[in-house]
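Working notes for the structure below.
The values are calculated or read from the model by the stated rules, or taken from the named source; none is laboratory data. Worth saying up front: this structure is predicted, and the values here are computed from it rather than measured. Virtual Cβ from ideal backbone geometry, glycine too; neighbours counted across all protein chains shown. With ligands, DNA and RNA removed, areas are computed over all heavy atoms of the protein, side chains included. Shrake-Rupley method; radii C 1.70, N 1.55, O 1.52, S 1.80 Å.
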Amino acid sequence: GFTFAGVLLLVAVPVSELCAFTRDEFLSYNGVTDYYRQFGLYNPQDPAQRMDGLAADVFRTCLTANGTGDLLHAIQLREPFRFQEVLDASFVALDDQQAGMVVDTARYELLVTQARMFGGLFRLNPDQPLPLDVASSSRLLGSSLDPDDQVGPDGEDLIYGLNTYAASIAGPGQYAFEHGTSGGGVLITATEPSEQYLAQLPPRTRNALDYARLKEQILSDSSLLRCDVMDGNYIVTERRCSYQEFKAHVLDMAEQVKAAGLQLGNEANSAKQLLAVDLRSSLQSILTEVRELRTLLGCRFLWRRWEDFDFRLCNVALPGAIEAALASLVLSVASLLLAFIHYKLWRHLLDNRVVGEELEKFSKKYGYLNTRT
């Protein structure tokens, strides 16, 4: 019994120390740093045997109490593998947009219409306006180069034309634009009325006529505006043009944008099929494997297996061994005590028998122990 208890204690004491060591030091966050050489967490080709950071992170993730089990994060692949999630979401969004239009053709039609109506819209809006007649300044400032009044691109503002401008200078019939369609009196051109004529007029009227001549200068000068052209190599060639050529140029650019947009729509519809079906089919196997890696690649089961073994060894087997050793020790002491008592009783009875036999021998020999009858 003592031998059995001693053997159990010889086993239990080292195992107890081992349990405390592995729980508190060996398999802890800092324990990896202290015992990385024992774990082999270094590059064998490194003479200094410095700790491998990735290997240490993997060990901490898998085999420490506070590890997450996320191997991808430990080896720094969680973010690089996010492309699978992004691509899957993009393919789903592409499927949702299959029925929709890639290019809104109505917007291009609106662009061409706006270019045709307002491609030559130049409004009188000087940074520092000259003094004008208060009653007519609202019709003079903000006016355009078109003969007639028109509603602005916003559909609300009324933009006054050349005819209204001429009638607002000094009243109807006093002045008329060369490029206007109504009015009478003095004709306004790029150079007329002359400076001598203007010098005789009130300052506010003279200022209005100065603006009017500038309008005619824009309409009549053949090289005042620019209608630059860009070739297929994206090289821009400067070209001077007149007002009418500028309007035609703006309309032409709008038509080119419309044609390019419609072509883009056709190409985009063709690309939809390639991206949503062909490309997705070719990438499906890779995306599936990456998704499985992202969702299934974990190592926490290692810690759960070790924790179960540690619990059974340190919390079940070790206490059982200690209890068995103590029970065996108590049993052995009790057995020893019982044997001692039995020995004492046996010895007592044996001594009494020997004494009795000796007394009987002396009685027979000497006869002094006879009893009276």
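Structure above, values below:
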quantity: Nearest-ten-degree value, helix 243-273 long axis tilted from longest Cα axis of the chain; calculated: 30 degrees
quantity: Set of aspartates and glutamates with alpha-carbon distance to LYS247 below 15 Å, sequence-local pairs under 8 removed; calculated: ASP146, ASP221, ASP228, GLU255
quantity: Surface accessible to a 1.4 Å probe, ARG50 within the full protein complex, Å²; calculated: 150 Å²
quantity: Share antiparallel - DSSP beta bridges, the chain, percent rounded to 5; calculated: 75 percent
quantity: Solvent exposure of the chain as accessible area per residue, Å², 1.4 Å probe; calculated: 66 Å²
quantity: Dipole magnitude (debye, nearest 20) for the chain, charges at Cβ of Lys, Arg, Asp, Glu; calculated: 3020 debye
quantity: Compactness of the range 253-357 - radius of gyration and Dmax, Cα, Å; calculated: 44.3, 146
quantity: Estimated Rh, the range 118-221: Kirkwood, alpha-carbon pairs, angstrom; calculated: 13.6 Å
quantity: Relative contact order for the chain, counting Cα pairs under 8 Å that sit 6 or more residues apart, in percent; calculated: 21 percent
quantity: Column: log10 I(q)/I(0), Debye, Cα scatterers of the range 182-290, q = 0.11, 0.12, 0.14, 0.22 Å⁻¹; calculated: -0.65, -0.70, -0.81, -1.14
quantity: Centre separation in Å (Cα based) which lies between the range 171-210 and the range 110-166; calculated: 18 Å
quantity: Solvent-accessible surface (1.4 angstrom probe) belonging to LEU158, in square angstrom, nearest 10; calculated: 90 Å²
quantity: Rounded percent of accessible protein surface that carbon and sulfur make up, the chain, 1.4 Å probe; calculated: 59 percent
quantity: Evaluated over the chain, the Cα radius of gyration and Dmax, each in Å; calculated: 54.7, 192
quantity: Charge-dipole axis of the range 84-218 as Lys and Arg at +1 and Asp and Glu at -1 on Cβ define it, positive-most pick from HIS179, GLN150, PRO193; calculated: PRO193
quantity: Sequence of THR33, THR61, THR295 from largest to smallest accessible area, 1.4 Å probe; calculated: THR295, THR33, THR61
quantity: Exposure rank, largest accessible area first [PHE340, PHE59, PHE83; 1.4 Å]; calculated: PHE340, PHE83, PHE59
quantity: Binned Cα-Cα distance frequencies in the range 145-201 - 10 Å width, integer %; calculated: 24, 46, 22, 7, 0
quantity: Heavy atoms of LYS247 accessible to a 1.4 Å probe, total area in Å² rounded to 10; calculated: 60 Å²
quantity: Helix-only CD estimate at 222 nm, as mean residue ellipticity for the chain, using -39500 (n - 2.57) per DSSP H run (n ≥ 4); calculated: -19000 deg cm²/dmol
quantity: Protection proxy ranking of 179-188, 122-131, 196-205 - average other beta-carbon atoms within 10 Å, highest first; calculated: 179-188, 196-205, 122-131
